[in-house]
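What follows is a set of notes on a single structure, which appears directly below.
No lab work stands behind these numbers, since they all come straight from the coordinates. As the structure is a prediction and not an experimental result, all values here were calculated from the model. Here the Cβ positions follow ideal geometry from the backbone for every residue, glycine too, while neighbour counts run over all protein chains shown.
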Amino acid sequence: MTDESPSAPITQDVVTIPRKLPEGGRVNLVGLTRDALHDALVGAGTPDRQAKMRVGQIWQWIYHWGVRDFAAMTNLSKDYRALLAEKFEIALPEVVTRQVSADGTRKYLLRIAGGHEVETVYIPEENRGTLCISSQVGCTLTCSFCHTGTQKLVRNLTAAEIVGQVMLARDDLGEWPEPGAPKDESRLVSNVVLMGMGEPLYNFENVRDAMKIVMDGEGLTLSRRRITLSTSGVVPEIARAAEEIGCLLAVSFHATTDEVRDRLVPINKRWNIETLLNTLRDYPRLSNSERITFEYVMLKGVNDSDEDAKRLVKLIRGIPAKINLIPFNEWPGAPYERSDWERIEAFADIVYKAGYASPIRTPRGEDIMAACGQLKSATERARKSRAAIAAEAGLAEG
C-alpha cells in the first residue's frame, strides 16, 4: 500500500486495467444527460410510461452508488437488467498511471478512446479536496507559459470522458457510499476545477452536459458554487456559460497590456483585454455568482512590476473579483522564470490594498509535474523526446 502522508516520497502505481471497448455496438450510459438517457432507454425497448422511473433508478446506481455492473442494480427486474447489459455499458477511461506527490497531490494519466491520453490531478487540502479535470486532449491556445499549450490539440473529450475523471477519482479515494452505512456528508472530492488540459469553452456542449451530471442532486451532487470553469477568454461563449452552466468562472488573465497578453495568451489577439473585460462585467449577474477569479501567473521581469499591479486593479474596477497570484511552475525548456517571492508579495500587497483578495497559490505537485500549467500527455513528452534523440543522431524521418 502506498504511503501518502505529506512527507512520503513520490510513488507511482501502474494500473493494468484492460481497456474496455464497446461490444456489439453497446451504448455507454456514462455522460448521457437525463433526457438522453431517457431516449436511449426508450430506444432499447423500455416502455415510455416506465422510462422516467428507470432513468432515476439507473442514475442513482451509476452516480450515487458508483455501480458499474447492471447485475448489481437490485431494484430492477432480472430481465430488465439483462436487457440493459445487452444494449448498454458503463465505461470509464483507463487509468494508465497514478502518481502521488510528496505533498499528497495525486496525478492520474488516463487513456481514452483512440489511445489518446489526458491527465487529471487531485489536490487534498485541509478543508476540501479539489479535482482538476481536463476537457481536451492537448490544447489549441498555445499560451507561451503553459506546458500543455506546447502540445497540439488532438480532440475534444466527450461528456463521458469528462465525467469519468470525477468518477475515477472517487474510485481511487474510496468515496462511493456503502449501502447500509451511516450517511457521511464529508467529501474528499468537494470541488471540481476545469483547469486541466484544454480550453473548456472550445468544447462547450460536452463540458456543459458533463457539469449538469456532476451538479445533479441525485448523483455526484456537487453544487455549481463548487465548480470553477477556467477560460483564457473565449468571449462569445462566456455569457452562454453563465446561462447554461452557471458555475463559477476563472479567467486566465496574466497581463495588463495587450502587448504582453498577446504574447502570453495569444487568444488576446482575437478578443483583447477591453473586449474580454466588457463581457466579464455581466457574468456575475447572469450566473448569480459572487465574483470572478482572475488568474495571474507571476513571470519574472514580464508582468510582475508595481506598475502592472496598479494597472490590474484599475482594469478590473467595478467587477466583483479576486486575484489568484500563481508563482510560475517551471517545466523543461520553459522560456520564463518564476518571480522572486518578495516581488510576488509586493504585487499582492498592492492588489490587496486596492480592495481585492489576492491569495498567492501554493505550488502543489511540482515534483510529479502536476502543478498548474505543467500538465501534458506523458506519451507526448516521450514522443518528442524520441524525436529529439533521432534528430540529434541524424535519423529523423523525412
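Of note:
- Each residue of segment 27-89 gets 75 Å³ once the volume of the Cα convex hull is shared out per residue.
- Calculated FRET value between Thr33 and Asn127, using beta carbons and R₀ = 35 Å, to 0.05: 0.65
- With the simple spin-label model, which puts each label point 7 Å out from Cα in the Cβ direction, the Arg317 to Asn75 separation comes to 5.7 nm.
- Inter-label distance, Asn288 to Asp306: 4.4 nm, where each label sits 7 Å from its Cα along the C-beta direction.
- Overall size of segment 271-325 from C-alpha positions, given as principal axis extents largest first: 37, 20, 17 Å.
- Sequence of Thr362, Thr140, Thr228 once ranked by neighbouring C-beta atoms within 10 Å, starting from the fewest: Thr362, Thr140, Thr228
- Under Stokes-Einstein, with the Kirkwood radius over Cα pairs as Rh, the value for segment 94-386 at 20 °C and 1.002 mPa s is 110 µm²/s.
- Each semi-axis of the equivalent ellipsoid for segment 222-308 is √(5λ) with λ an eigenvalue of the Cα gyration tensor; in descending order they amount to 25, 14, 10 Å.
- Segment Ala85..Glu274, full-extension length gain: 62.7 nm, with 0.36 nm per residue of separation and the alpha-carbon distance subtracted.
- Subtracting the Cα-Cα distance of Thr362 and Met53 from 0.36 nm times their residue separation leaves 106.6 nm of extension gain.
- Euclidean distance between Cα centres, segment 282-332 to segment 77-101, Å: 41 Å
- If R0 is taken as 22 Å, the Cβ-Cβ distance between Arg281 and Asp258 corresponds to a FRET efficiency of 0.75.
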